[in-house]
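First up is the structure itself, then whatever we jot down about it.
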Amino acid sequence: MYGAIEAGGTKFVCAVFDEAFQIIETTTIPTDDPRITMSLVVKFFKEHPVKSIGIGAFGPIEINPTSDRYGEILNTPKLKWRNFNIYKVLHEKLAVPIKIDTDVNAAALGEYMSGHGKGKRSVLYLTIGTGVGGGFVIDGQTLYGLTHPEMGHILIRPLEADQFEGNCPTHGNCFEGMVAGPAIEARYGIPGHKLGEDDSVWDYVADYIGQACVNFNLILSPEVILIGGGVAQQAHLFPKIRRSFKHYMNGYIDHSVIKGNLEDYILYPKNGQKAGLIGAMYLAKQGLK
Ligand code: ADP
Ligand code: ZN
C-alpha cells in the first residue's frame with residue numbers, strides 16, 4: 001500500500017491505494033491547528049500502514065529535496081502553519097519515504113501520468129480557485145528553481161473598461177488579484193457561481209486568463225495547458241479563454257497546435273477535482289525511487 005495526501009488550505013484529503021492505483025481508504029481532515037491536523041493524518045496512516053507517501057501541499061512551501069527545510073510551509077497568511085514542517089513531522093512519526101511538492105505541481109504530474117498530458121512531454125496546470133497557482137512538469141519532473149514558481153502573481157494588462165483594481169494584498173491587479181474566486185466576488189459582492197454566463201465579469205476574467213496562458217506558453221512552451229479549480233467550473237469560460245489566447249498570441253508561435261482551435265490545448269483537467277490527489281499518488285511512487 002501507498003499513501004497520498006492532498007494538503008489544502010481548508011482540508012487534508014488522505015488516501016491509501018494499492019499497486020494498481022485503486023484507492024482503498026480515504027479520510028478528510030480539516031486544516032486546523034497544524035498539530036491537531038497532523039496528529040489525525042498520522043493516526044490515519046498508523047491504522048493503514050504504507051510504503052511511501054506523496055504530498056501535494058498548499059504553499060508557499062520548500063520543495064527542494066536538498067534543502068534542510070524540505071517540507072516547511074513558508075510565508076503563508078495561515079499563521080499557525082508558518083514555518084511548520086509537514087515532511088519532518090510525518091517522517092519522524094511514520095518513518096517511510098515521503099515526497100512533497102506543491103498542490104499544483106502534483107496536479108500537473110497527475111495529468112501528465114494519467115490525464116490530458118498522457119503521452120506528452122510537458123504539462124502546465126493552472127488552478128483558479130481561492131487563489132491562482134500553476135504547476136509544470138517536463139519529462140516526468142516537476143519544476144522548481146530558487147523556490148517553486150508563483151504563477152498566480154504574474155502581471156497582466158487590465159482592460160480599460162474594467163474598473164476593478166484587483167485584490168491581491170501584495171500586487172493589487174496581478175493575475176490572481178483579478179481572476180481568483182474572491183476577486184470575482186469582490187467586483188459586485190456576488191460569488192462567481194451566482195453570476196450569469198453573460199455577465200461582463202467573465203469577459204474580463206477570460207481575457208486575463210488568456211493573457212496569462214500566452215505568457216506561460218511563451219516562457220515554458222507547454223504541450224498542453226489544463227485549467228482547474230472552482231472558477232474553471234464555469235465551462236463557458238473555455239471558448240472565451242481560447243479566443244483571448246488567439247487574440248494576444250496573434251499568430252506569433254508557428255505551430256499547428258497554436259494555430260488550431262485550441263480545444264485540445266487549453267482545457268479542463270481530465271482528473272477534474274481529483275487532479276491533486278491523483279498527482280500525490282504518483283509522488284508517492286516517485287518517493288520510493
Ligand atoms: P480552493 O482554491 O480553496 O482549493 P476551489 O478551487 O473550489 O477551492 O475554489 C474556491 C473558489 O472558487 C471560491 O472563491 C469560489 O467562489 C469559487 N468557485 C467555486 N465554484 C465556482 C463556480 N461554479 N463558479 C465560479 N466560481 C466558483
Ligand atoms: Zn499578486
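Taking Cα atoms only, the orientation of helix 103-114 departs from the longest principal axis of the chain by about 90 degrees.
In Å³ and rounded to a whole number, note down the convex hull volume per residue for the Cα atoms of the range 119-269. Each step should come with its number before you reach the end.
On the way: hull volume 16.6 nm³, N = 151.
Normalising the Cα hull of the range 119-269 by residue number yields 110 Å³.
Which chymotrypsin sites (Phe, Trp or Tyr not before Pro) in the range 212-289 pass both tests, a DSSP loop state and at most 12 other beta-carbon atoms within 10 Å? Before the final figure, lay out each step's value.
Values: sites: Phe216, Phe245, Tyr248, Tyr252, Tyr265, Tyr282; in loops: Tyr252, Tyr265.
Here the chymotrypsin sites (Phe, Trp or Tyr not before Pro) that fit, given the DSSP loop and packing criteria, are Tyr252.
Between helix 275-288 and the chain there is an angle of about 40 degrees, using the helix long axis and the longest principal axis of the Cα atoms. A 1.4 Å probe run over the protein chains yields, for the chain, 47 Å² of accessible area per residue, whole-number rounding. Other residues lying with their Cβ under 15 Å from the Cβ of Leu94 contribute a combined charge of +4, Lys and Arg counting +1, Asp and Glu -1.
Against the main long axis of the alpha-carbon atoms of the chain, helix 200-220 sits at an angle near 70°.
Each of Ile219, Ile258 has its accessible area taken with a 1.4 Å probe; listed largest first, they run Ile219, Ile258.
Kindly sort Val13, Val224 by accessible area of their heavy atoms, largest first, with the probe set to 1.4 Å. Before the final figure, lay out the partial values.
Details: Val13 20, Val224 0 Å².
Listed by decreasing accessible area, they come as Val13, Val224.
Both the radius of gyration and Dmax for the chain are 18.9, 57 Å, in that order, over alpha-carbon atoms.
Indicate the gyration tensor shape class of the range 1-136 (rounded, prolate or oblate), computed on the Cα atoms with a ≥ b ≥ c the square roots of the eigenvalues: a/c under 1.5 is rounded; otherwise a/b larger than b/c is prolate and the rest oblate. Cα axes put the range 1-136 in the oblate bin.
Could you give me D for the range 72-183, from Stokes-Einstein at 37 °C and 0.692 mPa s, where the hydrodynamic radius is the Kirkwood radius over C-alpha pairs? Units µm² s⁻¹, please. It would help to have the intermediate numbers written out before the result.
On the way: Rh = 15.9 Å.
Answer from the Stokes-Einstein relation: 206 µm²/s.
Taking only C-alpha pairs under 8 Å that are 6+ residues apart, what is the relative contact order of the range 89-136 in percent?
Numbers: 50 pairs, mean separation 16.3, N = 48.
Once divided by the residue count of the range 89-136, the mean separation gives 34 percent.
Sequence-distant contacts, meaning Cα pairs under 8 Å at least 6 residues apart, place the relative contact order of the chain at 22 percent.
Near Ala161: Cβ cut-off under 11 Å, other residues only, Lys/Arg at +1 and Asp/Glu at -1. The net charge is -4.
Of all DSSP bridge pairs formed entirely within the chain, close to 60 percent run antiparallel.
With both partners inside the range 1-61, how many of the DSSP beta bridges are antiparallel, as a percent to the nearest 5?
Values: 13 of 18 bridges.
Percentage antiparallel, nearest 5: 70.
The values are calculated or read from the model by the stated rules, or taken from the named source; none is laboratory data. What you see is a predicted model; the values in this text were computed from it and never measured. Using ideal geometry, Cβ is built from the backbone for each residue, glycine included, and neighbour counts are taken over all protein chains shown. To get the accessible areas, we keep the full protein, side chains included, count just its heavy atoms, and leave off ligands, DNA and RNA. Shrake-Rupley method; radii C 1.70, N 1.55, O 1.52, S 1.80 Å.
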